[in-house]
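Inspection log for the structure reproduced underneath, given as structure tokens.
The values are calculated or read from the model by the stated rules, or taken from the named source; none is laboratory data. Note that the structure is a prediction, hence the values are computed from the model and not measured. So basically every Cβ, Gly included, is an ideal-geometry build from the backbone, and we count neighbours across all protein chains shown. SASA here: full protein model, heavy atoms, side chains in, ligands and nucleic acids out. Shrake-Rupley method; radii C 1.70, N 1.55, O 1.52, S 1.80 Å.
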Amino acid sequence: MENIYVLKFGGNAIRGRDDLMRLSKEIAGLIADGARIVLVHGGGPEISEEMERRGMTPKKVSGVRVTDEAGLEVAELVLRRLNGDVVSCLQECGVTAIGMPGYMCTVCRRKTPVKAVEDGVEKEVDLGLVGEVEDTDPNSILDLLEQGITPVIYPIGKDARGTMLNVNADTMVAGIAAGVRCREMITITDVPGILRDVNDPSSKINTITLAEVDALIADGTISGGMIPKVEACRSALLAGVSVVRMVNGKDPRSIVSDVMKNTPHGTVITK
């Protein structure tokens with residue numbers, strides 16, 4: 001859709017009331033300029049902190065959280081609370097917003113075991129109650145947008161049997177962005193974009209194709225938690241999103257305001 005932008009952020013990029021208000025003001029400006037916004041958020045750092053407070057040990061494999069029943073309960077609790085905070089800030093900035101879990105607009109399936117190297121040995125790791133988007137109901141989102149309502153979605157999904165699943169926010173946003181066929185999917189991160197040197201912000205890549213992304217993964221330039229981010233970008237592009245952009249949530253000048261202007265902002269990924 002020509003004027004639909006799907007935005008995603010996590011706790012490493014946007015955290016606390018000040019960050020949320022700054023993002024909310026920019027979103028209000030985009031809407032005033034004619035954009036329709038769908039917002040998807042995670043909350044990884046907050047989930048890990050709550051788990052540790054309860055004496056639980058967070059574990060990730062290839063950037064994805066391993067989730068058992070207790071971990072899922074914590075994730076759902078924390079994400080629902082964060083969702084309320086996001087909606088509240090948007091409303092303060094004049095945006096009509098409504099919060100919802102991902103299972104209100106998607107159907108997910110349990111993620112299959114992934115290969116990982118532990119103690120130098122490659123093995124398959126069961127991620128537990130972790131899901132990935134199987135299908136999206138775009139009408140549930142488009143109907144809200146038509147009414148001038150901004151959906152704010154947190155990544156708790158359900159499978160076809162109703163089993164709740166923890167979904168990586170990058171995975172959730174890819175499924176939603178593909179479903180609504182947005183103009184751009186924008187991932188708000190804690191870095192300026194894809195960097196050739198993670199220690200040098202000036203090494204940001206302005207535009208990149210999926211083939212070039214593959215080469216950077218192969219040589220180790222893209223690694224760790226950045227891999228799920230670029231894989232989510234890949235999923236969205238292959239499913240029909242024409243442009244995916246990664247931007248810096250810590251940029252004091254603009255988080256997303258520049259995306260509707262013809263100025264270089266973040267890293268733009270295309271097929």
Seminar exercise, completed: Under the Karplus relation with 6.51, -1.76 and 1.60 and θ = phi - 60°, whole-Hz ³J(HN,Hα) for the range 101-110, x at Gly and Pro, equal x, x, 6, 6, 9, 9, 10, 10, 10, 5
Problem set entry | GNM top mover of G131, G63, G16 - the chain, alpha-carbon springs below 10 Å | G16
For this session: Please work out the Cα center distance from the range 184-212 to the range 75-113, rounded to the nearest Å.
Result: 26 Å
For this session: For the range 35-158, calculate the relative contact order in percent as a whole number, restricting contacts to Cα pairs under 8 Å that are 6 or more residues apart.
Result: 37 percent
For this session: Calculate, for D135 and N206, the FRET efficiency according to 1/(1 + (r/R0)^6) with r their C-beta to C-beta distance and R0 30 Å; round to the nearest 0.05.
Result: 0.35
Exercise. Under the Karplus relation 6.51 cos²θ - 1.76 cosθ + 1.60, θ = phi - 60°, what is the ordered set of whole-Hz ³J(HN,Hα) values for the range 196-212, x standing for Gly and Pro?
Worked result: 6, 10, 4, 9, 10, x, 6, 8, 4, 8, 6, 9, 7, 9, 5, 5, 5
Exercise. Using modelled amide H (1.01 Å from N, peptide plane; none on Pro or chain starts), what sits under 5 Å from the amide H of K60, excluding residues fewer than 5 places away?
Worked result: V66
Seminar exercise, completed: When the charge dipole of the chain is computed with +1 on Lys and Arg Cβ and -1 on Asp and Glu Cβ about the Cα centre, the Cα farthest towards its positive end, among A13, V268, V230, belongs to V268
Exercise. Using 0.36 nm per residue, how much length does the chain from A239 to D190 gain when fully extended, once their Cα-Cα distance is taken away?
Worked result: 15.1 nm
Exercise. Of V173, I194, G157, which is farthest along the charge dipole of the range 156-202 in the positive direction, counting Lys and Arg as +1 and Asp and Glu as -1 at C-beta?
Worked result: G157
Seminar exercise, completed: Where a ≥ b ≥ c are root eigenvalues of the Cα gyration tensor, a/c under 1.5 meaning rounded, otherwise prolate if a/b exceeds b/c and oblate otherwise, the chain counts as rounded
Exercise. What residues qualify as long-range amide H neighbours of G43, i.e. H under 5 Å apart, gap of 5 or more or another chain, H built at 1.01 Å from N?
Worked result: G11
Problem set entry | For the range 163-271: accessible area per residue (Å², 1.4 Å) | 42 Å²
Problem set entry | For the range 84-181, size of Cβ-based charge dipole, Lys and Arg +1, Asp and Glu -1, in debye | 200 debye
Exercise. Relative contact order for the range 207-271 using alpha-carbon pairs under 8 Å, separation at least 6, rounded to a whole percent?
Worked result: 47 percent
Exercise. About its Cα centre, how strong a charge dipole does the chain have in debye, to the nearest 20, once Lys and Arg get +1 and Asp and Glu get -1 at the Cβ?
Worked result: 320 debye
For this session: State whether the range 165-271 is rounded, prolate or oblate according to the following rule on the C-alpha gyration tensor (a ≥ b ≥ c being the square roots of its eigenvalues): a/c under 1.5 gives rounded; otherwise a/b larger than b/c gives prolate, and the remaining case gives oblate.
Result: rounded
Exercise. How long is the gain from N3 to V125 if the chain were fully straight, where each residue apart is worth 0.36 nm and the alpha carbon distance is subtracted?
Worked result: 39.9 nm
Exercise. Expressed as a whole percentage, what fraction of the accessible surface of the chain belongs to carbon and sulfur atoms when a 1.4 Å probe is rolled over the protein heavy atoms?
Worked result: 47 percent
Exercise. Could you give me the ³J(HN,Hα) list for the range 226-234, computed from phi with Karplus coefficients 6.51, -1.76, 1.60 and θ = phi - 60°, whole Hz, x at Gly and Pro?
Worked result: 6, 5, x, 5, 6, 5, 5, 4, 4
Seminar exercise, completed: Mean accessible area per residue over the range 14-151 (1.4 angstrom probe, all protein chains present, square angstrom) is 50 Å²
Exercise. With respect to the cross-link table entries K123/K250; K111/K261; K60/K261; K8/K60, which display a Cα-Cα separation exceeding 28 Å?
Worked result: K123/K250; K111/K261; K60/K261
Problem set entry | Point-to-point label distance, D33-T263, nm (Cα→Cβ direction, 7 Å offset) | 0.9 nm
For this session: Be a star and scan the range 92-118 for residues whose amide nitrogen sits under 20 Å from the point 7 Å along the Cα-to-Cβ vector of D143.
Result: 96-108
For this session: With a ≥ b ≥ c taken as the square roots of the eigenvalues of the C-alpha gyration tensor of the range 96-197, please select rounded if a/c is under 1.5 and otherwise prolate if a/b is larger than b/c or oblate if it is not?
Result: oblate
For this session: Amide H neighbours of K158 under 5 Å, at least 5 residues apart or on other chains, H built in the peptide plane: list them.
Result: Y103, C108, L165
